[in-house]
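Okay, structure first, notes after.
The values are calculated or read from the model by the stated rules, or taken from the named source; none is laboratory data. All figures in this text were calculated on a predicted structure; none of them were measured in a lab. FYI the Cβ positions are ideal-geometry reconstructions off the backbone, even for glycines, and counts take in every protein chain you see.
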Amino acid sequence: MKHLFTAAAMLLSMTAFAQVGINNTSPKATLDITAKTTDGSKPEGLIIPQLSGSNIHSATVAGVYGSNQKGLIIYATSADSSPTSATANITAAGYYYFDGSVWQKMAGAAAGDTTNDAWINDTTNSMVKLGTKADGTTRAAGTDFVAKDNGQIGIGTSSPDASAALEVASTNKGMLIPRVSLTGSTDQTTIPSPATGLMAYNTGAAGLVFKGFVFWNGTEWRSVNNNPTISPAITSLKCTDAYLEPNTFSAGVAYTGVLKVPYTGGNAGLFSGGTVINSTVNTGLTATLNSGELESGSGVLSYTVSGTPLQNSPIAASFNLGSTVFGVTGCTASVGDGVGTNVTTKKIIYNSANSNFSYSIKIDDLEFSIYNEQVYFRFQQDPSLSTNFNSLTKWYYSTNNYLAQSVTITPSAATNSVTANGSNIANWIRLGSVGAAFNNFQDLEYNAELIIPNRNTLYRIYATRFAAGSSGTYVLVITKY
């Protein structure tokens, strides 16, 4: 009788309120189930129907599930091994619901995700943003992460600039892009099929020695200033045209300046700084190549010069730039003779007393050389002009600053040629008389001023020897004013 009364009461409750309470008399929903035990001694909970993926597949194909089953929940014990469009989402065991045509997976929370950092819809600013930090605390200024409805991304800012697809903002950090080691300027293996405009940082550790930011232009990797990343190369280096700024130095006084050496045939390649080069002749100075970028054609290499010279100008300091420089034979630059930068100067050093005309300085249409202890010049484009040259100049040599000889040169046929080893060398004019030659005096110097008729130009010739005897080192300097 008691059980009959209870059943009747439940039926009456269901009929009157359309609500069912299990283990409670006051259901708060259509179905309200209260756990009977709370001490953990029994497995409390609700088990809904369980079917395999294949079972659900068969029932769905047979039309068992339709619009009347919309919202139905089931637990799949396995994936559907031969899914249809309606069961394609049943890929693993789990809870699924039927939306009237397709089974949808009921997503669960990611492992360890407490949702404190959930995305927040910001309709006012047309974006979504991370609400808090991972621990649920408020985000500090500058730690924003937003995604705007128009596709813009802001990191460190809640308002990315309208012109940027991505803005990364920081006052104490930078942006580190991928670093790669490309094998060459056309490498498409290290980064397969690079998109035009793709940027990376090349470490220079592989075949492409250029270090720095590069981008793919569709054909080759280029530096960010659109220069080729090929190895730097030139076709010639002109040490005879090298000059120094400032152009003089004093013995025992610290010096800092710049050595500039012209070149031709530059290929616009970029290069790193060089190693220290010690000076010779006038010792105590060093020169170091500054990093830079070659011109496409002619330009100058820049070297930082510093140190304390042993001797005063005009005793020049010589720098051997190396056996090869950017693919061409290296040379020695001799600078510091005191020639101003508003004039044209060329210098050459002879390491043999028996100098010959194969070592010369060419400036304008003139050529200067040292031969058999004397200085000569000629007109190189039209040697016959040498015969007609008849301007006057002073030529002298001095020892210990004492004027030893001064002569006036009036060239003639007799002085227009020299005899060397039995061969007649024509069209060279000797500066000075036969006696005005280097001899065994030490530190002998020659000076001359050459004026060509009908030219507003002065050529100053300076020649000296730094050691006594025929084995001394000779220097010839020609300056055009």
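S298 meets the stated requirement of being in a strand (DSSP E or B) and modelled with pLDDT under 95.
Considering the range 186-205, the residues that are assigned to a loop (DSSP other than H, G, I, E, B) and within 17 Å of G269 (Cα to Cα) include one that is modelled with the lowest pLDDT, namely G204.
Applying the criterion of being more than 17 Å from G94 (Cα to Cα) and hydroxyl-bearing (S, T, Y) to the residues of the range 50-81, the residue that is surrounded by the most Cβ atoms within 10 Å (Cβ to Cβ) is T60.
Okay, residues lined up against (1) surrounded by 12 or more Cβ atoms within 10 Å (Cβ to Cβ); (2) within 19 Å of the chain's Cα centre (by Cα); (3) assigned by TED's automatic domain parsing to the domain that holds S272:
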position	(1), (2), (3)
A134	no, no, no
S159	yes, no, no
S193	no, no, no
L208	yes, yes, no
K211	yes, yes, no
V214	yes, yes, no
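Selection over the range 226-264 of residues that are in a strand (DSSP E or B) and free of Cβ contacts under 8 Å to residues at least 60 places away in the same chain gives a count of 8. When V276 is tested against (1) of a type outside the set (D, E); (2) at pLDDT 95 or above; (3) crowded, with 16+ Cβ neighbours inside 10 Å, just one condition goes unmet, and that condition is (3).
Going through the range 307-350 one residue at a time, which ones are surrounded by fewer than 15 Cβ atoms within 10 Å (Cβ to Cβ) and either modelled with pLDDT of 80 or more or in contact with a Gly (Cβ under 8 Å, 6 or more places away or on another chain) (or both)? Those that are surrounded by fewer than 15 Cβ atoms within 10 Å (Cβ to Cβ) and either modelled with pLDDT of 80 or more or in contact with a Gly (Cβ under 8 Å, 6 or more places away or on another chain) (or both): T308, S323, T324, G327, T329, G330. The set of residues from the range 239-271 being under 13 Å from V335 (Cα atoms) and under 27 Å from the mean Cα position of the chain (by Cα) comprises G257, V258, L259, K260, V261.
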